[in-house]
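Right, one structure below, let's go through it.
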Amino acid sequence: MARTLVDLIKKNELYPHDIEVENREGGSGATGWGYLFSKRGDPYNISTTSGSFLTTPLQADTGWKPTDFTPVGLFATDDYLFTTRPKSGITTWQQWVDFAKKKGTVAVGGIGTVNVDFILHSKVAKQSGYKIDYVPFNDEGQLQTALLSGALDAAFSNVGEVLGQVEAKKTNALLYTGKKPHGVIKDVPTATSLGLKGLISMPRGMILPPDTPKDVQDWWIATMKKVVETKEWKDYVAKNYLSEDVRYGKDFTTYLNSTSKELTRILREEGAIK
């Protein structure tokens with residue numbers, strides 16, 4: 001996402017100087033955000049956010065919290081599909097709930113434990129009245145193999161990761177966590193339409209170092225308001241199956257704070273973190 005935003009800033013001549021994109025790999029983003037955190041007050045460093053921006057500090061002593069940074073804005077969110085394998089014969093959410101209740105405990109999977117996949121499974125199970133045995137995987141390929149082999153009863157996956165399987169009818173999509181029906185999966189019911197509430201999405205946004213001068217923050221907010229209105233950005237959101245969700249400054253911090261608290265609460269209740 002960072003390279004796309006930089007390309008759009010350059011294309012639309014919104015910044016007169018060069019912007020260098022640097023990947024700082026490691027620690028599920030902890031290395032890069034830790035570097036940004038160390039640049040307190042420096043107006044010449046900036047970073048995008050992803051799902052691990054919220055979850056990484058919950059499983060490691062990063063020395064920073066998501067709300068420690070100077071917020072620019074939230075531009076979009078990653079949402080998820082709940083899927084079953086075709087051989088199960090389960091093609092609707094109600095069929096799934098009936099199956100899960102009858103079975104007693106169902107095997108469900110996702111990527112990692114301290115992650116949104118686990119939290120989504122936990123929330124929909126509690127709201128629907130069934131129990132889960134959650135199995136974490138390291139990557140989407142392993143997760144899909146387990147689902148299609150019957151080792152799992154169901155899985156939550158990022159839309160972009162599993163859409164090909166859904167379109168090829170190798171998996172059945174029963175539920176979409178986004179707020180509104182989305183493009184090629186418009187026939188998949190949203191969680192809200194099924195009466196499920198409070199499902200978490202992961203933020204695609206932008207942050208500055210702590211204590212960045214307000215005039216710099218204001219400049220970035222004004223600039224990004226122009227960027228997210230471009231056709232190219234909207235095409236990027238659609239192509240990557242993201243949901244548009246735009247919030248700036250304090251509104252973005254409020255989102256990060258409430259989402260982080262909800263993640264912490266559920267993970268503690270489930271014993272995933274202390």
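The values are calculated or read from the model by the stated rules, or taken from the named source; none is laboratory data. The structure displayed is predicted, hence computed values, not measured ones. FYI the Cβ positions are ideal-geometry reconstructions off the backbone, even for glycines, and counts take in every protein chain you see.
Here are some notes:
- Residues of the range 193-222 classified as surrounded by fewer than 16 Cβ atoms within 10 Å (Cβ to Cβ) and not small (Gly, Ala, Ser), total: 7
- Annotation: of all residues in the range 65-102 being in a loop (DSSP other than H, G, I, E, B) and in contact (Cβ under 8 Å) with a residue 40 or more places away in the chain, the one that is farthest from Leu175 (Cα to Cα) is Phe69.
- Evaluated against (1) in the same structural domain as Leu14 (by TED's automatic domain parsing); (2) crowded, with 19+ Cβ neighbours inside 10 Å; (3) closer than 24 Å to Asp139 by Cα, Lys239 falls short on exactly one condition, (2).
- Note on the range 34-52: among residues that are within 17 Å of the chain's Cα centre (by Cα) and modelled with pLDDT of 90 or more, the one that is farthest from Met202 (Cα to Cα) is Ser47.
- Of all residues in the range 7-53 being of a type in the set (A, V, I, L, M, F, W, C) and not in a loop (DSSP other than H, G, I, E, B), the one that is surrounded by the most Cβ atoms within 10 Å (Cβ to Cβ): Trp33
- Restricting the range 130-143 to residues that are at pLDDT 95 or above and in a helix (DSSP H, G or I), the residue that is surrounded by the fewest Cβ atoms within 10 Å (Cβ to Cβ): Gln142
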